[in-house]
Amino acid sequence: MIFTADIEDWQQSVYDFDRAVSNRVVRNTSRLLDILDTHNVTGTFFIQGMVAEKFPQLIRSIAQAGNELASHSHTHRMIYNLTEAQFRAEMQRSVGLLEDISGTKVIGFRAPTFSVRDDILDWYCDALREQGIIYDSSIMLATVRSCYGFGDDGILQRIAARGLDCYPMSVSRVLGKNLPVMGGGYFRIYPYWLSRWLARDLNHATSIFYMHPYELDTHEHREVSQQVKIPLKMAVHQFARRGSIPGKLNKLLQDYPFTSFKEHYYADAPTVTNAIQ
């Protein structure tokens, strides 16, 4: 299975795009790195540019632990809310930061909140290729929210036709519909036995797990809500069952073998020659 983590700060990436990135992202990501090290697991870390810009040593730590660095845009704004020029600028800035900090070639991308749509697909793919991106992991083949999701896999052929490899998120077929599994809020809310059951028919070598380090942070709601008012609906959606994540994650890492996109698919992909400082 491919282990992936989206490295972002909840306060900035979800609550308010105009907020500064907080140091919680360092604590939460460091905790995730410790858990992965306990299980001798490495994966692909899709890193937001604003995080890399503020905390370059965190990015070095991720790379030095043997993980692949990939881009998760710069500001974490929805791609479909950006102009073509704005997205190209985000990609150039994000990829440039990661490569300058780590000395490794960035070949993967995941859009914030899977925010890819039909009407932007052509320039979206072209912008990725211009920055040397080889593969994309931004497609959810399940219509679960109005802001993302595709009802069929025709989108994968269209992305391939634009010259990119595409690895969609894992879904399970239940009662004739695709249900997201092995990631994010779904993994957080589902009891672990249900995630295991839903994953029973997945190809365990190539299916994808994803998470955010902030999902390990059980104190964030209490501490942030002392400063700002978090709407009740958002609070329930974003913070429910965070306390279950460490136990579930440890079970998951024991039950399945994990690797990164680069190790599984692109072991011979080119790298830049700058050494990690």
Is it the case that segment 221-233 has a residue that's within 28 Å of D136 (Cα to Cα) and in a helix (DSSP H, G or I)? no
For segment 69-94, give me the residue count where each residue is part of a loop (DSSP other than H, G, I, E, B), open to solvent by less than 50 Å² (accessible area, probe 1.4 Å) and in contact (Cβ under 8 Å) with a residue 12 or more places away in the chain. 6
In segment 146-188, how many residues are assigned to a loop (DSSP other than H, G, I, E, B), out of contact with any helix residue (DSSP H, G or I) (no Cβ under 8 Å at 6 or more places or on another chain) and within 23 Å of I107 (Cα to Cα)? 2
Would you tally the residues in segment 1-44 being open to solvent by less than 10 Å² (accessible area, probe 1.4 Å), assigned to a loop (DSSP other than H, G, I, E, B) and more than 18 Å from E215 (Cα to Cα)? 1
Pair list, Cβ under 9 Å, 6 or more apart: segment 105-126 residue at positive phi and open to solvent by 10 Å² or more (accessible area, probe 1.4 Å), other residue part of a loop (DSSP other than H, G, I, E, B) and polar (S, T, N, Q): F114/S138
Which listed residue is of a type in the set (V, I, T), open to solvent by less than 20 Å² (accessible area, probe 1.4 Å), in contact with a His (Cβ under 7 Å, 6 or more places away or on another chain) and at pLDDT 95 or above, from I47, I62: I47
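The values are calculated or read from the model by the stated rules, or taken from the named source; none is laboratory data. Predicted, not measured: the structure shown is a model, and the values here were computed from it. Neighbour counts are summed over all protein chains in view; Cβ atoms, including those assigned to glycine, are modelled from backbone coordinates with ideal geometry. Remember, those area values only see protein heavy atoms, side chains included, never the ligands or the DNA or RNA. Shrake-Rupley method; radii C 1.70, N 1.55, O 1.52, S 1.80 Å.
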